[in-house]
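I have placed the structure first, in the form of structure tokens, so that the comments after it can refer back to it.
The values are calculated or read from the model by the stated rules, or taken from the named source; none is laboratory data. Because the structure is predicted, anything quoted here is derived from the model rather than measured. Note: ideal-geometry Cβ built from the backbone for every residue, glycine included; neighbour counts use all protein chains shown.
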Amino acid sequence: MFFNSFAGYSQEDTYSKIKLDSVVLKKGQVLIIHDKTYLVKRDTVVVIPASVKYSIKRNRGDLFYSNLEQRVTKRKWTRELHNIIINTNHKTVNSDSLKTSLAVNQFVSYAGRPIRHIKIKQLDVFGPTILDTTRYPKSWIERTGNKMHFTSKKYLIVNNLLFKEGDHVTPETLADNERILRGLPYLEDAFISVHSAGELNDSVDIMVITKDVWSEAFNIQVNNISTGRFQFWDRNIFGFGNEVQNNIPWDSRKHQIIGYDGNYKINNIAGTFINAKFLYLNSFNSESIGLSLDRNFITPNIKYAGGFLIENTITKTYFNEDTAFRDIPLKYNKYDGWIGRSFAISNHNSFSKLRQNITFLARISHDRFIKRPKITEDSYYQFQNKTIVLGTISYARQSFFKSNLIYNFGRTEDIPVGTQVQFTFGIENNEFFRRKYYSNNIKFGKFLGNFGYVYNAFAIGGFVNNANKPEQAVFEASTNYFTNLFTVGRFHFRQFVNLSYTRGIHRYSNEYLTINREFGITGFMNDSVTGSRRFNIHWETVSFTPWYVYDFRFVLFAFADHSWIKQNGGSIFDRWPYTGIGFGIRIRNERLVFNTIQIRFTIYPNIPLNSKSEFFEMSGEPLLNPPTFAPKAPELLKYQ
């Protein structure tokens, strides 16, 4: 299941004077420029700048689809059928853009020039793309969808810009801004185009191109005849950029048959990059209300960040009290706040180097329990009254590659490269004791040229009691790797390999690791399989197919999960691993905010008896993003 690609590394050249080349093309050939292809329908000659890298190849398959398109579009019914099942070459051909340069390089030649004009171009949900804004919706469904969609208000795009007219071009700022725009929940993609302007070409005009997504979506999950849930959300209410999430579970076996869990989020209040969220839950003997504000280090140029959370919860917990499990009332208040100050380290004006920052962060959190089970000093830590004060010193250096077809289905993705080193220290005032906390984190991600990308993380930390002995400590190490994209026919492939090791050190008696679901074996459940050490291997081969139905793309995958788990003593590898092996399909339309539809089949050749396992599962999966090296609020290392 493991493959490597051997694609070459290329980088665009920039010339101060434009030279032109004449390229002779024959019918049936394909001209490839950057990530875009042009099918030649007749003999022709084109003139392109000499600095632009291109290639020419014969593609009989594409010629067949072009001729087919000409024939079937003559009649209405065949035209509609063709638009549904055929992905024509008007679509962007996605390639592995990790083979190109860093995202910042496309702006380097304009560095220092004043910005004369800024124009914003907003594209419809259906039809045009970032790389081909001339495309138009071909079916009545797409045209109707564009008419019904509330386009994002223009001021939202302006509020998310880091530059204005009159500023001088800073390549890092433009690259950061592309990434920020692409990260907005109501945009599918974004692109910033810079053009020379003025009589002497000594200034620039900037075009900001954004493409909305269809922001409304829903999801229905039926577990059995008695239970399930209905979800619906809007990531861009009436085009104003606010979000609402609603979750309505039901259970006919409970006294309260229908519940509610929802939140309302306001993104980037007045251009400050401060987000606000309101939370409310009333479901099955649980009620919670909360408010949070946060501003993150979204770029290395952000000097100040921080946030706070206030939450009140009333619920019940299934607790082992007096040798019997029963529902115990639980009521508590949570207060949490943090602040950070970042200092940029000069790179001597070298755009090719990773930007560096030193950041100082502080956090205070307080948990106050009003109702709870009976607890002791060395058990049920999660129910103890406590105040924790943490401080972090972080050093980070990072940049981003632009790529696609990694975690998503075609939209541009930003892959971080760099290093982060963090030292965290603090004090916990507990109702039973007072103790210190220390942890160290090291993370680094690197593009390996022809061999793909690797991200490594190592962390160790825990409390130190009054006797200077470690308590509730944990060691973690992980490696995430994926290959470059490689192509077989019209199919694109990647191989993913994830390794992780976790070890608990002097944990409490009720604290342990499992290999349930995302912690080990996909679709596996057995609470009796526990330990203090765990090693996981996840392999996955992904095939991005050329199959589209109404812009829903189909991705095939095959995977294998292997987990070793054991208590202290002896080698963790002294027995065969628990294993899950399977395959499936993922379906997603990048123009919609619906979760990815995943259909998965799994077999379990080596699991304990009486375990729960899911041979078949159909679920909605959210979009995934790789971890960055930006500093975040100080936190305790998790043991899970």
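Yes or no: the stretch 269-280 includes at least one residue that is buried (at least 16 other Cβ atoms within 10 Å of the Cβ), farther than 30 Å from Val389 by Cβ and without any contact (Cβ under 8 Å) to a residue 24 or more places away in the chain. Checking the stretch 269-280: not a single residue is buried (at least 16 other Cβ atoms within 10 Å of the Cβ), farther than 30 Å from Val389 by Cβ and without any contact (Cβ under 8 Å) to a residue 24 or more places away in the chain. Can you find a residue that is in contact with a Leu (Cβ under 7 Å, 6 or more places away or on another chain) and at pLDDT below 95 anywhere in the stretch 233-253? Yes: the stretch 233-253 contains one or more residues that are in contact with a Leu (Cβ under 7 Å, 6 or more places away or on another chain) and at pLDDT below 95.
For Lys612, are the conditions met, namely being surrounded by fewer than 16 Cβ atoms within 10 Å (Cβ to Cβ) and within 30 Å of Gly504 (Cβ to Cβ)? Lay out the reasoning, then the answer.
On the way: surrounded by fewer than 16 Cβ atoms within 10 Å (Cβ to Cβ): yes; within 30 Å of Gly504 (Cβ to Cβ): yes.
Considered against the rule, which asks whether it is surrounded by fewer than 16 Cβ atoms within 10 Å (Cβ to Cβ) and within 30 Å of Gly504 (Cβ to Cβ), Lys612 comes out as yes.
Of the residues that make up the stretch 169-188, is at least one under 17 Å from Gly112 (Cβ atoms), more than 25 Å from the chain's Cα centre (by Cα) and in a loop (DSSP other than H, G, I, E, B)? Yes, some residue in the stretch 169-188 is under 17 Å from Gly112 (Cβ atoms), more than 25 Å from the chain's Cα centre (by Cα) and in a loop (DSSP other than H, G, I, E, B). At least 2 residues being modelled with pLDDT of 90 or more is the threshold, and among the strands (runs of 3 or more DSSP E) wholly inside the stretch 454-544 those reaching it are 470-482, 491-505.
Yes or no: Arg553 part of a strand (DSSP E or B), under 21 Å from Ser403 (Cα atoms), of a type in the set (Lys, Arg) and within 17 Å of the chain's Cα centre (by Cα)? It would help to see each step written out before you state the result.
Working: part of a strand (DSSP E or B): yes; under 21 Å from Ser403 (Cα atoms): yes; of a type in the set (Lys, Arg): yes; within 17 Å of the chain's Cα centre (by Cα): no.
When the stated conditions are applied, Arg553 does not pass them.
Could you figure out which of (1) without any contact (Cβ under 8 Å) to a residue 40 or more places away in the chain; (2) outside any helix (DSSP H, G or I) isn't true of Gln382? That leaves (2) as the condition not met.
Looking for whichever is basic (Lys, Arg) and over 30 Å from Ser399 (Cα atoms) here; the options are Lys316, Lys277. Which one fits? So that I can check it myself, show each step before the final result.
On the way: Lys277 fails: over 30 Å from Ser399 (Cα atoms).
So the residue among Lys316, Lys277 that is basic (Lys, Arg) and over 30 Å from Ser399 (Cα atoms) is Lys316.
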